[in-house]
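The values are calculated or read from the model by the stated rules, or taken from the named source; none is laboratory data. Keep in mind that what you see is a predicted model, and the values were worked out from it rather than measured. Heads up, the Cβs are rebuilt from the backbone with ideal geometry, glycines too, and the neighbour counts pull from every protein chain shown. Heavy atoms of the whole protein, side chains included, go into the accessibility calculation; ligands, DNA and RNA do not. Shrake-Rupley method; radii C 1.70, N 1.55, O 1.52, S 1.80 Å.
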Amino acid sequence: MVARKRKRAGRNSEEGIPSPPGYSAIPIKFSEKQQASHYLYVRAHSVREGAKSNWPQKRTLFILNVPPYCTEESLLRLLSPCGPVQSVELQEKPDLTENPKEPKSKYFHPKPVQGFQVAYVVFQKPSGVSAALTLKGPLLVSTESHPVKSGIHKWISDYTDSIPDPEALRVEVDTFMEAYDQKIAEEEAKAKEEEGVPDEEGWVKVTRRGRRPGLPRTEAASLRVLERERQKRARKELLNFYAWQHRESKMEHLAQLRKKFEEDKQRIELMRAQRKFRPY
Amino acid sequence: MGPAPAGKQVCGAPGEAQMMEPALESTGKEGKKASSRKRTMSKSPVEGVLQPVKLSRAELYKEPTNEELNHLRETEILFHSSLLRLQVEELLKEIRLSEKKKDRIEAFLREINQRVMRVPSIPETELTDQAWLPAGVQVPLHQVPYTVKGCFRFLPPAQVTVVGSYLLGTCIQPDINVDVALTMPREILQDKDGLNQRYFRKRALYLAHLAHHLAHDPLFGSVRFSYSNGCHLKPLLLLRPNGKDKSLVTVRLHPCPPPDFFRPCRLLPTKNNVRSAWYRGQSPPGDGSLEPPTPHYNTWVLQDTALESHLQFLSTILSSAPGLKDGVALLKVWLRQRELDKGLGGFTGFLISMLIAFLVSTRKIHTTMSGYQVLRSVLQFLATTDLTVNGISLCLSSDPSLPALADFHQAFPVVFLDSSGHLNLCADVTASTYHQVQHEAQLSMALLDSKADDGFQLLLMTPKPMIRAFDHVFHLRPLSRLQAACHRLKLWAELQDNGGDYVSAALGPLTTLLEQGLGARLHLLAHSRPSVPEWDINQDPPKHKDSGTLSLALLLRSEGLTSVLELGPEADQPKAADFRHFWGSRSELRRFQDGAIREAVVWEAASMFQKRLIPHQVVTHLLALHADIPDTCVHYVGGLLDALIQGVKETSSTGEEALAATVRCYDDLSRLLWGLEGLPLTVSAVQGAHPVLRYTEVFPPTPVRPAYSFYEQLRERASLLPRLNKPCPAYVEPMTVVCHLEGSGQWPQDAKAVQRVRAAFQLRLAELLMQQHGLQCRATATHTDVLKDGFVFRIRVAYQREPQILREMRSPEGMISLRDTPASLCLERDNRQLPLLTSALHGLQQQHPAFSGVARLAKRWVRAQLLGEGFTDESLDLVAAALFLHPEPFTPPSSPQVGFLRFLFLVSTFDWKNNPLIVNLNNELTVEEQIEIRSGFLVARAQLPVMVIFTPQDRKSSVWTQDGPSAQILQQLVVLAAEALPILEKQLMDPRGPGDIRTVFRPPLDIYDVLIHLSPRHIPRHRQAVDLPHVSFCRGLLSEPGSLSLMPVLGYDPPQLFLAQLREAFGDLALFFYDQHGGEVIGVLWKPGSFQPQPFKATSTRGHMVASQGGELVMVPNVEAILEDFAVLGEGLVQAVEARSERWTV
């Protein structure tokens, strides 16, 4: 292993670090003590013509393969030499959707365990991106002046953070519910207004509320109706009344036996293949 | 040393070993040695799986032929189902002798006949003068006492006839034996040869001479002596062919007297044929009392005279009826699977044939019946008749000179007379053996009557070795102690009858003694039958004490195990003296609450664990008291495995009491919740959802009493925090409790809003519990933790309609339909199915007190093999529950040990691929429903997980195995179980003591690619390890109760946190294995295929690096950096990362 390592190190110094087309590679390590390093693959963030993106074109740096111990703060620190940074966001996967994200509640969506991630770094000026693309590294995530917690340190601080403040939780719940109640009240008021009022073509919407409520439009309800119909029909039918019905039911019985026999034969075949009949 | 799970096939379950091949990753890594890995068995995934049958309409509805109709009708009348018919036919094909083999055997027999007839005769000598015997051969008989009057000469046999099963066509493979009777010429015998073993001496000498001459013949591969049915007075000669036919057949030569030589009236069970004066060297007591009868001795002589007549009798009945022969063969298999047919007093195939003949003569069996029906009728007869009370006889004549059945009942425990009316065929069968046969027959009949299970498999294909069938087993060693026991029990007459065989003489009285002593605790007592020895002709026959060991086995009644008291008669009754005599010094006079003063024996036992072992105390006490066998000679195997589920400092309990205490605390809490005032909706139900609350947590929780100085304190939230410079604090797992509220229309109809309202309930619950009951609480958005009496409960408020809300989908037309989503399924599982399962298993524990022990031992073992995280808790609990709910062909286990053995057996032999494990909790499923579930399973097999467990509440989806195990993990478990079972059984059956019982609990570590060694300082459950560690750390607990005003550290387990990080970061490259009960090592296995170079993709760069290979840019895992990441992520916890790079290449 040692030999292999030396070889790789040598190759790096001669040819530069291999990187996929369009990306440049920056080695990154946890601290001085580590020998081998991971590689960040970075490029300027760009999307196809016409597509919108949550991040400004030209000023955003897209980073792949961010190691699990690397936090947003440490990325900020490591990249600020390239130019003033506006924001750093770490994500599990590259972002493909266009919708802006809502801020998530920390009580109802606890932070998941971190693995390897991708990052979007927005610089204040486009020059920051080009400077970052030529970084040589290796970058150090944890230094003496800016230590990053890992292992026992991290778990203890995570545990401390996980103990919630009941008051803050209560406040959040109350605000949410107030907004929700208001929304519901508005919807109801709107529905009441519209009830029984024909639209421009003269159709009246039947709701569950009015004086003559309609059936709920659910799958279960429609299945129930079908089932009732079927039972009604089954009650009317006569079984084994005509000779041909008799004959057919006998034939059906025989067919069942045949089917069973075939199944059993297949089963036996399988057991024989597995030598299941050697008693000892 | 752990069992090596390398890729080799397991002999016990060859079918299973091939059953599951990796379904996800099928190819091994490049350059990896195929033989060293567990993932080597790869076949196409379609093979070996049952497919639903598809017949075309034309085939299904074509006109039936006559043959087909006949066949179908026959199946309906003669067999249970067509499957059973096919199975029976296959089995018979497998065990029947082939014609080819028969020809070879015939040829061998002809050769023997010629050679035997050519053995030269010798002149007459005194019986005691054995100087004529050549040097290379010893007399195959213990000649005690040596002096016998009479003369012996050798003449070739008057007649050589084949007798027994071979001629009848009921001989089955393997171990083919052909019995040959050699009729000794009348000239050899004298009058009164029946007396004082003279006939047996001559018989032995006859064989010795024969052996000497046949031994030199190149035709025979081996010539050895053995005993006929284990009877040590009747040696026989074993001849095996030479060369490649070595194991083809064993021919057994039985010398026998000429017909009508012995007068039957002299050999009645009431007659004496071994004189005390000769046997003991002293005249009988002078007062003219009678000599003791020698029924066994007489029977052995009679058996020899009846060899041929029995053969003729059986052949008239069996020869024309193939169904009867099939029945004999099936019953022989049935007996052999139960280890009932071997040794002295075994229930042999001959006895079964005779029994069938009896049933034919009483018209209970008809000659046109099929083998299956014969099997059923015989089992029915055995199950319902007691031959120890009402003997049966094949004799039809009503001759008044014949002895009465009562005479036989006096002399023998089991009575079944042959057609002559003189010979008891069951003379050597002990009462225990017969009761065992009866018990097995009853179980089998119950099994055949219940239509749900695969009767054939359980009845005829499942072995029932003693250690797996009985709850407790004990070995008596050395056997020579039994000689002393015979003297103590005054069994001189029996010794005289048995020709000095003290083992069989003492067996009957000993079993009676123990049966009486164990009383209500005992369901059945069985003993191993001494094995039949085989020895070379130049050796002396083995001594009685060398005939292996005597193992006795107890099947216990779990309801009888709870009492510590043996209640005797009232003190003034005459029976009291008997009671005192029986129990000796243990019997005490006691005054009871109802005022009675009685004799009683009280055993010391406080915990369930000790109560289970009361039979041990009873056995050692009675054997020492009455049979002079000290406890050093009794090796009791009943609770050896219990040590694995005992707590660190607990040696007197296996935790059932601690679990019960926790459940009591939970009951108190639920009462508090019901009575809580001030909640907007009242509590309607409280349900437990944690293993502790169904008695299956391996190590029950202990009340926490934290030492505050050990922790950081977060005063404003009333919580303790772990401190950096101290060892990791004790692990406290909150026990989940689901709390249902009364129904209300006020709940919002939006998933997010429901979440918020639930959070509000959690907060309110914490407030009220604190105010009204002073309990320390901590609320979060999803649960409320409550500290009560040192136990921490996690209460989760549930809203019944929430899964419904999560399922609602609106189609474009505005139709609302319900579709399962991951979130709704998860909620459904946690809030509905888990509590139901917990309460069902809680109920099971009340019925079967051993359930807790079995489930915990099983879980412990799986986790110790580092596979615990592949299986959910619930799935393993359900497998353990299946052992109790579907014990066939056994009875529900009453001790953790036997339950665990059966767990290993079930796991290693169950065909997970083609069968669902149906666990019929509360007996809710009918037979029809089970059949429906099975057929539904076949159709949906491809969508179901590898391991499928169905319960009445979960008939389609196998909730608890949905997320694991994967095919590889299950396969690994199957392999490990198949390795562990024989090792453990051998250890437990070893009379010299089991050795290190923890062997099978130590995991094999040589299969892992990387080992991450952890520092014990930060493993909170370090003391639970299989091998108690030498170092121990303070975990911040006080020994006496302290104040409980701060919430202890909950669920903080650094190894688990570390594993979660590892799995998140490297889950697609490697698998991680760990034993949560104090494991010091994490095993890492690279996934096959993860080292293969892949083209660059922005979505899968995790932990990879780009390298150029042959001019192309590809991605390979950055292994060196990853290995260093292991240490970085677990800083403080990881001691060393041991990369076994010789096992893999990048």
>> Counting each pair of different Cα atoms once, what's the Kirkwood radius of the stretch B:67-261 in Å, rounded to one decimal?
In response: 19.0
> Got a number for carbon plus sulfur as a percent of chain A's accessible area, 1.4 Å probe?
Replying inline: 53
> Which aspartates and glutamates, on any chain, are close to B:K202 with Cα under 14 Å apart, when same-chain ones fewer than 8 places away are left out?
Replying inline: B:E124, B:E126, B:D129, B:E187, B:D191, B:D193, B:D304
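Sort B:369-375, A:217-223, B:168-174 by packing, meaning the average of other beta carbons within 10 Å per residue, with the highest value first. Can you show the working numbers first?
On the way: B:369-375: 23.0, A:217-223: 13.3, B:168-174: 18.4.
Highest mean packing first, the order is B:369-375, B:168-174, A:217-223.
What dipole magnitude, in Debye to the nearest 20, does the protein assembly as shown give about its Cα centre under +1 on Lys/Arg Cβ and -1 on Asp/Glu Cβ?
On the way: 167 positive and 158 negative charges, 463 e Å.
The calculated dipole for the protein assembly as shown is roughly 2220 debye.
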>> Check which residues have an amide H placed less than 5 Å from A:S105's amide H, if you skip close sequence neighbours.
In response: none
>> Of B:T784, B:L672, B:Q897, which is farthest towards the positive pole of chain B's charge dipole, taken about the Cα centre with +1 and -1 on the beta-carbons of Lys, Arg and Asp, Glu respectively?
In response: B:Q897
> Please state the relative contact order of the stretch B:699-811 as a whole percent: Cα pairs under 8 Å, 6+ residues apart?
Replying inline: 27
> Which pairs, out of B:K464/B:K986; B:K234/B:K342; B:K611/B:K859; A:K260/B:K93; A:K154/B:K1087, put more than 19 Å between their alpha-carbon atoms?
Replying inline: B:K611/B:K859; A:K260/B:K93; A:K154/B:K1087
> Which order, highest average first, do B:581-588, B:996-1003, B:398-405 follow once you tally other Cβ atoms within 10 Å for each residue and take the mean per peptide?
Replying inline: B:996-1003, B:581-588, B:398-405
> Short version: which residues of the stretch A:66-81 lose at least 10 Å² of accessible area, all chains versus chain alone, 1.4 Å probe?
Replying inline: A:P68, A:Y69
>> How high is the relative contact order of chain B? Use alpha-carbon pairs under 8 Å, at least six apart in sequence, and give a whole percent.
In response: 11
> Taking the Cα centre of chain A as the origin, how large is its charge dipole in debye, to the nearest 20, when only Lys and Arg (+1) and Asp and Glu (-1) carry charge on their Cβ atoms?
Replying inline: 2160
> Projected area of the stretch B:1005-1143, taken from the Cα convex hull and averaged over every viewing direction, in nm²?
Replying inline: 11.2
> Which whole-Hz ³J(HN,Hα) couplings does the stretch B:379-393 yield from phi under the Karplus relation 6.51 cos²θ - 1.76 cosθ + 1.60, θ = phi - 60°, glycine and proline marked x?
Replying inline: 4, 4, 5, 4, 5, 9, 10, 10, 6, 6, 9, 10, x, 10, 9
> Does any residue of the stretch B:805-822 lose at least 10 Å² of accessible area with all protein chains in place compared with its chain alone, and if so which ones (probe 1.4 Å)?
Replying inline: B:E813, B:G814, B:M815, B:I816, B:S817, B:L818, B:R819
> So which residues of the stretch B:67-106 lose at least 50 Å² of accessible area, probe 1.4 Å, when you go from the chain by itself to every protein chain present?
Replying inline: B:L72, B:S82, B:L83, B:L86, B:E90, B:E94
>> Can you give me the % of accessible surface on the stretch B:224-367 that is carbon or sulfur? Probe 1.4 Å, all protein chains present, nothing else counted.
In response: 53
> How many partner chain Cβ atoms sit within 10 Å of a residue's Cβ in peptide B:719-731, on average, as a whole number?
Replying inline: 2
> In deg cm²/dmol, rounded to 500, what helix-only [θ] at 222 nm does the protein assembly as shown give when every DSSP H run of at least 4 residues adds -39500 (n - 2.57) and the total is split over its residues?
Replying inline: -11500 deg cm²/dmol
> Karplus couplings for the stretch A:136-144 from phi (6.51 cos²θ - 1.76 cosθ + 1.60, θ = phi - 60°), rounded to Hz, Gly and Pro as x?
Replying inline: 9, x, x, 7, 10, 6, 10, 10, 5
> Ignoring ligands, DNA and RNA, how much accessible area is buried between chains B and A, both sides summed, with a 1.4 Å probe, to the nearest 100 Å²?
Replying inline: 8700
> Counting only residues 5 or more places away or on other chains, whose amide H sits under 5 Å from the amide H of B:D1075 once H atoms are built in the peptide plane?
Replying inline: B:V1081
> What does the accessible area per residue of chain B come to in Å², with a 1.4 Å probe and no ligands, DNA or RNA counted?
Replying inline: 40
> In a Debye calculation with equal point scatterers on the alpha-carbon sites of the stretch B:299-450 and no solvent, what is log10 I(q)/I(0) at q = 0.14 Å⁻¹?
Replying inline: -0.66
>> For a 20 Å ceiling on Cα separation, which of these pairs sit above it: A:K33/B:K726; A:K33/A:K149; A:K236/B:K62; A:K250/B:K62?
In response: A:K33/B:K726; A:K236/B:K62
>> If I take the Cα coordinates of chain A and project them onto the principal axes, what are the three extents in Å, biggest first?
In response: 93, 79, 47
> Which listed residue (B:Q380, B:F79, A:P81) has the Cα farthest towards the positive end of the charge dipole for the protein assembly as shown, taking +1 on Lys and Arg C-beta and -1 on Asp and Glu C-beta about the Cα centre?
Replying inline: A:P81
> If you plug each phi of the stretch B:1111-1121 into the Karplus form 6.51 cos²θ - 1.76 cosθ + 1.60 with θ = phi - 60°, what whole-Hz ³J(HN,Hα) values come out, in order, with x for Gly and Pro?
Replying inline: x, 9, 8, 10, 9, 10, x, 7, 4, 4, 5
>> With equal scatterers on the alpha carbons only and no solvent term, can you work out the Debye log10 of I(q)/I(0) for the stretch B:461-587 at 0.11, 0.12, 0.21 1/Å?
In response: -0.53, -0.62, -1.29
> Picking from A:H253, A:Q274, A:A243, whose Cα lies most toward the positive end of the charge dipole for the stretch A:240-280 (charges on Cβ: Lys, Arg +1; Asp, Glu -1)?
Replying inline: A:Q274
> Long-range amide H contacts for A:Q86: which residues qualify at under 5 Å (H placed 1.01 Å from N, peptide plane, sequence gap of 5 or more or a different chain)?
Replying inline: A:V122, A:F123, A:Q124
> At a Förster distance of 22 Å, what's the computed FRET efficiency of A:V197 paired with B:E813, Cβ-Cβ distance as r, to 0.05?
Replying inline: 0.45
>> Averaged across B:1056-1064, how many Cβ atoms of other chains sit within 10 Å of each residue's Cβ atom?
In response: 4
> Counting only protein heavy atoms, what percent of the accessible surface of the stretch B:562-703 is carbon or sulfur at a 1.4 Å probe?
Replying inline: 52
> Under a point-charge model restricted to the Cβ atoms of Lys and Arg (+1) and Asp and Glu (-1), what is the dipole moment magnitude of the stretch B:1005-1143 relative to its Cα centre, in debye to the nearest 20?
Replying inline: 260
> Which whole-number value in Å² is the accessible area per residue of the stretch A:138-203, probe 1.4 Å?
Replying inline: 69
>> With the crude spin-label approximation of a point 7 Å out along Cα→Cβ, what separation in nm comes out for B:N113 versus B:A624?
In response: 6.2
>> Per-residue Cβ counts within 10 Å, from other chains only, averaged over B:1127-1135: what number is that?
In response: 6
